[in-house]
Structures are given as structure tokens and as C-alpha cells.
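Asker: So that we are looking at the same thing, I have put the structure below in C-alpha cells.
The values are calculated or read from the model by the stated rules, or taken from the named source; none is laboratory data. Small disclaimer: the values here were computed from a predicted structure and weren't measured. Cβ placement follows ideal geometry from the backbone for every residue including glycine, while neighbour counts extend to all protein chains displayed. What goes into the accessible areas is simple: the full protein's heavy atoms, side chains included, and nothing from ligands, DNA or RNA. Shrake-Rupley method; radii C 1.70, N 1.55, O 1.52, S 1.80 Å.
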Amino acid sequence: FFLICAFCSTAALHSEINRVNNSNSASANWCYETMIDEMTPVLQTGEGILPMTIESSGCNSENENSGRYMMPKATSSVKAGAFLCLSTLVALLVNHSFSSPATPLLGAFLRSTGIPKDWSSLNEASGAVLITGATGRTGSLLYHELKRKGVPDVRAFVRDAEKAKKLLGCDACDESEGIFVGDLTEPDDVRRAMADGSVKILAVASGASGRGPTELQRAIEFDAVISMVKSLGETNANNNDALRVVFCSSMGSTNPKPSFGGDILHWKLNAEAFLSSSGISSTIIIKPCGLNNGSGNDSTLVVGHHDKLFEESPYHAVSRQDVANVMAESVMMTHDVSYSNALRFDLCSIPGPRTEDLKGLIESSRWEWDK
């Protein structure tokens, strides 16, 4: 960017001086040579480009009348060019720092730093996926779906190695196989699974029991999410643009007094709010309706917002397999810098043909102004 500014400013300077040289050859040539000698180190180093004047060259002295009239014009051209460059730079920085992620122009260009992140080619170089709640009914399905799709480094955070052996099919069921045993409510346990800095994507499939103590509900549904994201960010401090969190929440969070689940929906909603300001460049929050243990892959999936699906359809269930499939697609889908990478949507199913295009389903959840 600076080289472009230097080139433009130098071109303007040469143009102005050449114009004057045509009519003031002897005196102007002396000023021209003196000026270029003094301008060259300034343009090379970038120091003083805004307050740049050529008064020190002597061209404003009484002995060089033609130079005296030449210099204000040449200096003004340089200043105008430098001011334009600086204004453009400031505009770019402001747009990058404060614009909405949905802004598709300059902000998107700066955020991109090249080619959009494409998670569909996940490999050892692009990072690992860590699933929390990996031996749960949804988490275990997600683990196998990512393995089926060929993701080489899928890590599972579990409470019980024996349960992992049964549900995940591991042998040693230890860290050598990407199985991390620990307590989700202990931040150090979670951090251990990300300590090597390889984890770029966090898939949260963990959840508390609606019959458990209220303190444990908060610890799992809210506090643990904060500690997980904190570890993800801190172990990737210089590469936050390549991070993603896929979070399985729940529909029903618009009801301030739900008839089921205790405080779980309250804490899930707070975890969603935290993710929106966490600084992670890509967050996808999936809010399924009632979960069942059906085989999945046999119905039409629908998305919406703010629990409207409860009103629009008599069908209020979706299979855990379908939720796992949508989460897997969310993990792997392209990180498109031209649109918002903070998605949040309700997910349910209705009788009908199987939904094949899961990426299209997810993209359809965008608000109209973000499509």
C-alpha cells in the first residue's frame, strides 16, 4: 500500500516539475535535482510523508525566483496525494475494525487475506476438530459422521474411557487416539485437549441433565462453554481468523418460563450470547426442536428463527442423527468472508423427501439482508 502511495506521489511530483521545467529550464533544473535528492530518502523510508515540504532545498530562496513559484504547486500535489492515501488507509482500517461481518466490500476483502477458508478439505495442516460430549447420544453420532467424511484428526472429550470404547470404537481410548478423558467443568482438563494448538474447530455437543442440580446446569451449559472457547482462543492467539465454534443449543429459548428443563434453556441462551461476542471468527449455533432417536436421513429438514417453527408446523421433533449431520456440515462448510459467519438458527423436520443439500439448508437460515 505504501509503495503505491509513494509511486503516485512521485508521479505527481515529476509531472508538476516537468511542466515547470519546460518554461524555466535553467533555474528549475537546479531545483528539480535538489528536490529529488531530498525526496528520495523520504519516499524510501516513509518518514515525514505528510509534513513533506521542499523548503529546505533552497528553491524558495530569493535567488531562485522560478523555483519559488514552482515549489508550492509541486508540494501541494505531493501533500494531496499523501492525504488521499492516508485517508484511504484510515477508511480501510475503520471499515475492518468496526464494520459488520456481513459487509461484503472492503471489510470482507481485508478479512479474507486471500482465499476464503474452506473447511471441506480438513487435514492435519488445517487443524483438528474437538467434540465435547462425544459419548452422548448426539455427540457420538457427530464423531462417527466426521470420521465417515474423512476428517483425519477428530478429537473426543469424554468422561469415561470405557464408554468411549463402546460408543466410539477406540482401542486404547487415550490421547494417542485423540480421546481426552476429563471433567468438562474443569478448565484445565479441557485445555489439555487443545494444548498443542492443533484444534481449530470446537463442536459443542455436551449438555446437562434437566434433572440435575441447578449449579451443575450452569457449570456445563454456560461456564464450560466460556472455558472451552477461552482455551481455543488462547491456544490459537495468532490465528483467530481460522477458528470456528459449532454449538448445539435448543429451541424454546424465547420462553422466559419454560415448562421443562429447569434453568438449562436460560444458560444455553447465555452461552449463545457469549459466543456472539467471543471474538471467534465463525460461530454456528444450531437450535434443534425436540430430539428423538430415529434413524434420520428420512425427512425434510426445515430451519427458522425465534421458535416460529413451533407455530408453523405440528411436527416438533428432529432425529439426533439429522442434528449430527447438520453439525458435521457446519464444521466442514466453506468459511465465506463475503457474508456473516455468525449463524444461528432453529432446526426441525417434517414428513417429506430427505434433505440432501445440508449446506444449502444452513445457508437458507441467513437473514434476508445477509443473503
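Asker: So which residues in segment 337-352 are closer than 20 Å to Asp241 by Cβ, assigned to a loop (DSSP other than H, G, I, E, B) and open to solvent by 50 Å² or more (accessible area, probe 1.4 Å)?
Answerer: The answer is Tyr339, and nothing else.
Yes/no matrix, rows are residues, columns are (1) of a type in the set (Asp, Glu); (2) part of a helix (DSSP H, G or I):
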site: Gly279; (1), (2): no, no
site: Glu329; (1), (2): yes, yes
site: Arg354; (1), (2): no, no
site: Lys359; (1), (2): no, yes
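Asker: How about segment 236-260: which of its residues are open to solvent by 30 Å² or more (accessible area, probe 1.4 Å) and assigned to a loop (DSSP other than H, G, I, E, B)?
Answerer: Listed by number, the residues that qualify are Ala237, Asn238, Asn239, Thr254, Asn255, Pro256, Lys257, Pro258, Ser259, Phe260.
Asker: While we're here: Sort out which residues of segment 299-309 are open to solvent by 20 Å² or more (accessible area, probe 1.4 Å) and either in contact (Cβ under 8 Å) with a residue 60 or more places away in the chain or part of a strand (DSSP E or B) (or both), and write them in order of number.
Answerer: Within segment 299-309, Thr300, Val302, Val303, His305 qualify.
Asker: So Leu269 passes all but one of these: (1) part of a strand (DSSP E or B); (2) open to solvent by 20 Å² or more (accessible area, probe 1.4 Å). Which condition number does it fail?
Answerer: Among (1) part of a strand (DSSP E or B); (2) open to solvent by 20 Å² or more (accessible area, probe 1.4 Å), the lone unmet condition for Leu269 is (1).
Asker: Open to solvent by less than 40 Å² (accessible area, probe 1.4 Å) and modelled with pLDDT of 95 or more: is that true of Ser365 in this structure?
Answerer: So Ser365 passes the test.
Asker: Filter segment 153-169 down to the residues that are of a type in the set (Gly, Ala, Ser) and open to solvent by 20 Å² or more (accessible area, probe 1.4 Å), then identify the one that is farthest from Gly197 (Cα to Cα).
Answerer: Gly169
Asker: In addition: Of all residues in segment 313-327, which are closer than 12 Å to Met251 by Cβ and in a helix (DSSP H, G or I)?
Answerer: If the condition is that a residue be closer than 12 Å to Met251 by Cβ and in a helix (DSSP H, G or I), then Val323 is the only one that fits.
Asker: Further question on the same structure: Of the numbered conditions (1) open to solvent by 20 Å² or more (accessible area, probe 1.4 Å); (2) in contact (Cβ under 8 Å) with a residue 12 or more places away in the chain, Thr138 fails exactly one; give the number of that condition.
Answerer: (1)
Asker: Check Leu301 against each of (1) at pLDDT 95 or above; (2) closer than 23 Å to Thr135 by Cβ and name the one condition it does not meet.
Answerer: (2)
Asker: Search segment 182-218 for residues being open to solvent by less than 20 Å² (accessible area, probe 1.4 Å) and part of a helix (DSSP H, G or I), and hand back the single one that is farthest from Ala237 (Cα to Cα).
Answerer: This residue is Gln217.
Asker: All but one of (1) under 18 Å from Ala203 (Cβ atoms); (2) of a type outside the set (Asp, Glu); (3) buried (at least 18 other Cβ atoms within 10 Å of the Cβ) hold for Thr334, so report the exception by its number.
Answerer: So Thr334 meets the others, but not (3).
Asker: To continue, here is another question. Within segment 237-251, can you find the residues that are out of contact with any Ser or Thr (no Cβ under 6 Å at 6 or more places or on another chain) and at pLDDT 95 or above?
Answerer: Phe247, Cys248, Ser249, Ser250, Met251
Asker: Just to be sure before I move on: is Ile179 in contact (Cβ under 8 Å) with a residue 60 or more places away in the chain and open to solvent by less than 20 Å² (accessible area, probe 1.4 Å) in the structure I sent?
Answerer: no
Asker: Does any residue in segment 151-169 that is at pLDDT 95 or above come within less than 6 Å, Cβ to Cβ, of a residue that is open to solvent by 40 Å² or more (accessible area, probe 1.4 Å) six or more places away or on a different chain, and which pairs are these?
Answerer: Between residues of segment 151-169 that are at pLDDT 95 or above and residues that are open to solvent by 40 Å² or more (accessible area, probe 1.4 Å), the close pairs are Val154/Lys147; Val158/Val181; Ala161/Val181.
Yes or no, residue by residue, for (1) of a type in the set (Asp, Glu); (2) surrounded by 20 or more Cβ atoms within 10 Å (Cβ to Cβ); (3) without any contact (Cβ under 8 Å) to a residue 24 or more places away in the chain; (4) in contact with a Lys or Arg (Cβ under 6 Å, 6 or more places away or on another chain):
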| residue | (1), (2), (3), (4) |
| --- | --- |
| Gly262 | no, no, no, no |
| Ser281 | no, no, no, no |
| Lys287 | no, yes, no, no |
| Gly294 | no, no, no, no |
| Asn297 | no, no, no, yes |
| Glu311 | yes, no, yes, no |
| Ala317 | no, no, no, no |
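Asker: Any residue at all in segment 178-196 that is hydroxyl-bearing (Ser, Thr, Tyr) and at pLDDT 95 or above?
Answerer: Yes.
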